[in-house]
Amino acid sequence: NYFPVIVMTLFLSLMVTTNINAQLYINEFLASNDVSFPGPQGDYPDWIEIYNAGTEAVMLGGYYMSDVLDDPAALFQISDMYPDSVTVAPGGFIVFYANKGEESSVMNLNFKLSGGGESIGLWDPSSVVLDELTYTEQTTDVSYGRYPDGTDDWGFMTEITPGSANANPGPAAIELYINEFMASNDVSFPGPQGDYPDWIEIYNAGTEAVMLGGYYMSDVLDDPAAMFQ
(Lines give C-alpha, C1' and ligand atoms only; values in the text may rest on other atoms or scores of the structure.)
Protein backbone atom coordinates (compact mmCIF):
# COMPACT_ATOMS: atom_id res chain seq x y z
CA ASN A 1 0.00 0.00 0.00
CA TYR A 2 2.85 2.39 0.64
CA PHE A 3 5.04 1.58 -2.38
CA PRO A 4 3.24 3.89 -4.90
CA VAL A 5 3.44 6.78 -2.43
CA ILE A 6 7.20 6.33 -1.99
CA VAL A 7 7.72 6.16 -5.76
CA MET A 8 5.66 9.30 -6.31
CA THR A 9 7.59 11.17 -3.60
CA LEU A 10 10.93 10.27 -5.18
CA PHE A 11 9.64 11.24 -8.62
CA LEU A 12 8.50 14.65 -7.45
CA SER A 13 11.82 15.20 -5.69
CA LEU A 14 13.68 14.48 -8.92
CA MET A 15 11.43 16.87 -10.83
CA VAL A 16 12.13 19.71 -8.39
CA THR A 17 15.89 19.12 -8.57
CA THR A 18 15.80 19.17 -12.37
CA ASN A 19 13.80 22.41 -12.44
CA ILE A 20 16.04 24.23 -9.99
CA ASN A 21 19.11 23.37 -12.09
CA ALA A 22 17.42 24.31 -15.37
CA GLN A 23 19.24 26.54 -17.85
CA LEU A 24 16.56 29.08 -18.65
CA TYR A 25 17.04 32.43 -20.38
CA ILE A 26 14.92 35.44 -21.22
CA ASN A 27 15.82 35.11 -24.90
CA GLU A 28 13.69 37.58 -26.86
CA PHE A 29 10.94 40.09 -26.13
CA LEU A 30 8.79 42.72 -27.80
CA ALA A 31 7.81 45.72 -25.69
CA SER A 32 5.86 47.65 -28.34
CA ASN A 33 3.69 45.40 -30.51
CA ASP A 34 1.38 47.20 -32.91
CA VAL A 35 0.98 44.81 -35.84
CA SER A 36 3.94 42.41 -35.88
CA PHE A 37 2.65 39.40 -33.90
CA PRO A 38 -0.96 38.73 -32.89
CA GLY A 39 -1.67 37.02 -29.58
CA PRO A 40 -4.03 34.06 -29.16
CA GLN A 41 -6.91 36.36 -28.24
CA GLY A 42 -6.53 38.38 -31.45
CA ASP A 43 -4.87 41.36 -29.77
CA TYR A 44 -1.24 42.47 -30.13
CA PRO A 45 0.25 42.06 -26.65
CA ASP A 46 3.81 42.53 -25.47
CA TRP A 47 5.53 39.16 -25.25
CA ILE A 48 8.52 37.46 -23.63
CA GLU A 49 10.22 34.32 -24.92
CA ILE A 50 11.99 31.88 -22.56
CA TYR A 51 14.67 29.56 -23.95
CA ASN A 52 15.54 26.23 -22.31
CA ALA A 53 19.23 25.57 -22.98
CA GLY A 54 19.20 22.42 -20.84
CA THR A 55 18.84 18.78 -21.77
CA GLU A 56 15.52 18.13 -20.01
CA ALA A 57 12.04 19.58 -20.31
CA VAL A 58 11.07 22.13 -17.64
CA MET A 59 7.54 22.74 -16.38
CA LEU A 60 7.40 26.46 -15.57
CA GLY A 61 4.34 26.33 -13.33
CA GLY A 62 5.42 27.80 -9.99
CA TYR A 63 8.17 29.95 -11.51
CA TYR A 64 7.95 33.73 -11.30
CA MET A 65 8.26 36.61 -13.75
CA SER A 66 8.11 40.36 -13.24
CA ASP A 67 9.06 43.73 -14.71
CA VAL A 68 10.26 44.83 -11.24
CA LEU A 69 13.53 43.30 -10.04
CA ASP A 70 13.75 44.57 -6.46
CA ASP A 71 10.26 43.95 -5.06
CA PRO A 72 9.34 40.33 -4.13
CA ALA A 73 5.72 41.39 -3.73
CA ALA A 74 5.59 42.27 -7.43
CA LEU A 75 6.55 38.79 -8.64
CA PHE A 76 3.91 37.04 -10.75
CA GLN A 77 3.74 33.25 -10.34
CA ILE A 78 3.11 31.25 -13.49
CA SER A 79 0.15 28.90 -13.05
CA ASP A 80 0.65 25.13 -12.98
CA MET A 81 -3.03 24.47 -13.74
CA TYR A 82 -2.19 23.14 -17.23
CA PRO A 83 1.37 21.82 -16.90
CA ASP A 84 1.68 20.75 -20.54
CA SER A 85 0.95 24.30 -21.70
CA VAL A 86 3.78 25.80 -19.64
CA THR A 87 6.39 23.09 -20.25
CA VAL A 88 9.37 24.06 -22.42
CA ALA A 89 11.21 21.25 -24.18
CA PRO A 90 15.01 20.85 -24.02
CA GLY A 91 16.49 23.26 -26.54
CA GLY A 92 13.00 24.71 -26.97
CA PHE A 93 11.22 28.04 -26.59
CA ILE A 94 8.01 29.21 -24.93
CA VAL A 95 6.25 32.58 -25.27
CA PHE A 96 4.35 34.39 -22.50
CA TYR A 97 2.09 37.36 -23.19
CA ALA A 98 2.71 40.46 -21.08
CA ASN A 99 -0.77 41.95 -21.41
CA LYS A 100 -1.56 42.49 -17.72
CA GLY A 101 -3.81 39.44 -17.67
CA GLU A 102 -6.52 41.20 -19.68
CA GLU A 103 -7.27 37.87 -21.36
CA SER A 104 -6.66 35.31 -18.64
CA SER A 105 -4.82 32.09 -19.47
CA VAL A 106 -1.76 30.31 -18.11
CA MET A 107 0.29 32.09 -20.80
CA ASN A 108 -0.77 35.61 -19.74
CA LEU A 109 1.30 37.67 -17.29
CA ASN A 110 -0.08 40.32 -14.95
CA PHE A 111 2.15 43.11 -16.27
CA LYS A 112 2.93 44.90 -19.52
CA LEU A 113 6.31 46.00 -20.83
CA SER A 114 7.31 49.62 -21.29
CA GLY A 115 8.56 50.59 -24.73
CA GLY A 116 10.55 53.34 -23.04
CA GLY A 117 12.71 50.86 -21.14
CA GLU A 118 12.50 48.91 -17.88
CA SER A 119 13.44 45.44 -16.55
CA ILE A 120 12.43 41.78 -16.92
CA GLY A 121 13.24 38.99 -14.48
CA LEU A 122 12.73 35.23 -14.18
CA TRP A 123 12.83 33.40 -10.83
CA ASP A 124 12.57 29.71 -9.90
CA PRO A 125 9.91 28.41 -7.46
CA SER A 126 12.25 29.18 -4.54
CA SER A 127 12.43 32.84 -5.69
CA VAL A 128 16.04 32.45 -6.81
CA VAL A 129 16.73 34.67 -9.82
CA LEU A 130 17.55 32.69 -12.97
CA ASP A 131 17.85 35.53 -15.46
CA GLU A 132 17.25 39.28 -15.55
CA LEU A 133 17.92 42.25 -17.78
CA THR A 134 17.34 45.98 -17.88
CA TYR A 135 16.68 47.39 -21.35
CA THR A 136 16.52 50.86 -22.87
CA GLU A 137 14.03 52.41 -25.31
CA GLN A 138 12.58 49.97 -27.83
CA THR A 139 11.35 50.28 -31.42
CA THR A 140 7.74 49.44 -32.28
CA ASP A 141 7.33 45.99 -33.89
CA VAL A 142 11.06 45.25 -33.58
CA SER A 143 11.99 42.62 -31.00
CA TYR A 144 15.15 42.56 -28.88
CA GLY A 145 16.91 39.26 -28.36
CA ARG A 146 20.02 37.19 -27.86
CA TYR A 147 22.03 35.91 -30.80
CA PRO A 148 23.01 33.15 -30.69
CA ASP A 149 20.25 31.98 -28.35
CA GLY A 150 21.16 31.99 -24.65
CA THR A 151 24.38 34.02 -25.08
CA ASP A 152 25.21 37.45 -23.66
CA ASP A 153 24.98 39.18 -27.06
CA TRP A 154 21.78 41.19 -27.50
CA GLY A 155 20.50 43.07 -30.53
CA PHE A 156 17.41 44.36 -32.30
CA MET A 157 15.95 41.59 -34.45
CA THR A 158 15.46 42.31 -38.15
CA GLU A 159 13.09 39.31 -38.06
CA ILE A 160 11.01 38.52 -34.97
CA THR A 161 11.10 34.83 -34.02
CA PRO A 162 8.76 34.19 -31.06
CA GLY A 163 8.85 30.50 -30.18
CA SER A 164 11.86 29.62 -32.35
CA ALA A 165 15.60 30.25 -32.68
CA ASN A 166 16.65 33.86 -33.15
CA ALA A 167 17.96 35.04 -36.50
CA ASN A 168 21.14 37.07 -36.86
CA PRO A 169 20.02 40.62 -36.02
CA GLY A 170 22.58 42.24 -38.33
CA PRO A 171 23.59 45.89 -37.99
CA ALA A 172 21.00 48.41 -36.86
CA ALA A 173 19.56 50.60 -39.61
CA ILE A 174 21.32 53.97 -39.75
CA GLU A 175 19.00 56.96 -40.08
CA LEU A 176 20.94 60.21 -40.33
CA TYR A 177 19.51 63.54 -41.51
CA ILE A 178 20.78 67.05 -42.20
CA ASN A 179 18.37 68.55 -39.71
CA GLU A 180 19.23 72.25 -39.38
CA PHE A 181 21.86 74.67 -40.66
CA MET A 182 22.88 78.32 -40.62
CA ALA A 183 24.55 79.81 -43.70
CA SER A 184 25.03 83.38 -42.39
CA ASN A 185 26.07 83.63 -38.76
CA ASP A 186 27.01 87.12 -37.57
CA VAL A 187 26.29 87.02 -33.84
CA SER A 188 23.73 84.28 -33.17
CA PHE A 189 25.91 81.28 -32.25
CA PRO A 190 29.63 81.37 -31.42
CA GLY A 191 31.83 78.49 -32.51
CA PRO A 192 34.36 76.70 -30.27
CA GLN A 193 37.17 79.04 -31.39
CA GLY A 194 35.23 82.16 -30.47
CA ASP A 195 34.28 83.03 -34.06
CA TYR A 196 30.81 82.88 -35.63
CA PRO A 197 31.00 80.14 -38.30
CA ASP A 198 28.30 78.67 -40.49
CA TRP A 199 27.11 75.36 -39.02
CA ILE A 200 25.26 72.17 -39.92
CA GLU A 201 23.32 69.94 -37.50
CA ILE A 202 23.03 66.15 -38.05
CA TYR A 203 20.16 64.25 -36.45
CA ASN A 204 20.36 60.50 -35.65
CA ALA A 205 16.84 59.04 -35.87
CA GLY A 206 18.08 55.47 -35.38
CA THR A 207 18.18 53.28 -32.30
CA GLU A 208 21.95 53.13 -31.76
CA ALA A 209 24.81 55.63 -31.53
CA VAL A 210 26.69 56.32 -34.77
CA MET A 211 30.38 57.28 -34.94
CA LEU A 212 30.66 59.72 -37.86
CA GLY A 213 34.41 59.38 -38.39
CA GLY A 214 34.89 58.25 -41.99
CA TYR A 215 31.61 59.78 -43.22
CA TYR A 216 31.68 62.56 -45.85
CA MET A 217 30.13 66.02 -46.12
CA SER A 218 30.23 68.58 -48.91
CA ASP A 219 28.49 71.62 -50.40
CA VAL A 220 29.00 70.16 -53.89
CA LEU A 221 26.76 67.21 -54.76
CA ASP A 222 28.19 66.16 -58.13
CA ASP A 223 31.94 66.15 -57.46
CA PRO A 224 33.32 63.25 -55.37
CA ALA A 225 36.68 65.01 -55.17
CA ALA A 226 35.04 67.86 -53.24
CA MET A 227 33.76 65.64 -50.43
CA PHE A 228 35.29 66.24 -46.99
CA GLN A 229 35.90 63.21 -44.81
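The values are calculated or read from the model by the stated rules, or taken from the named source; none is laboratory data. Fair warning: this is a prediction, and the values are worked out from it, not measured in the lab. Cβ atoms come from the backbone with ideal geometry, glycine included; neighbour counts cover every protein chain shown.
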What single numbered condition from (1) of a type in the set (Asp, Glu); (2) under 18 Å from ILE26 (Cβ atoms); (3) surrounded by fewer than 20 Cβ atoms within 10 Å (Cβ to Cβ); (4) in contact (Cβ under 8 Å) with a residue 24 or more places away in the chain fails to hold for ASP70?
(4)
Report yes if GLU180 is part of a strand (DSSP E or B) and at pLDDT 95 or above, otherwise no.
no
Residue by residue through region 76-100, note down the ones that are surrounded by fewer than 17 Cβ atoms within 10 Å (Cβ to Cβ) and closer than 20 Å to SER119 by Cβ.
GLN77, LYS100
Search result, residues across region 130-158 that are closer than 21 Å to LYS112 by Cβ and free of Cβ contacts under 8 Å to residues at least 24 places away in the same chain
THR136, TRP154
Residue under evaluation GLY91, criteria (1) within 13 Å of the chain's Cα centre (by Cα); (2) in a loop (DSSP other than H, G, I, E, B), criterion not met:
(1)
Could you list, in sequence order, the residues of region 161-173 that are at pLDDT below 95 and surrounded by 12 or more Cβ atoms within 10 Å (Cβ to Cβ)?
ALA167, PRO169, GLY170, ALA172, ALA173
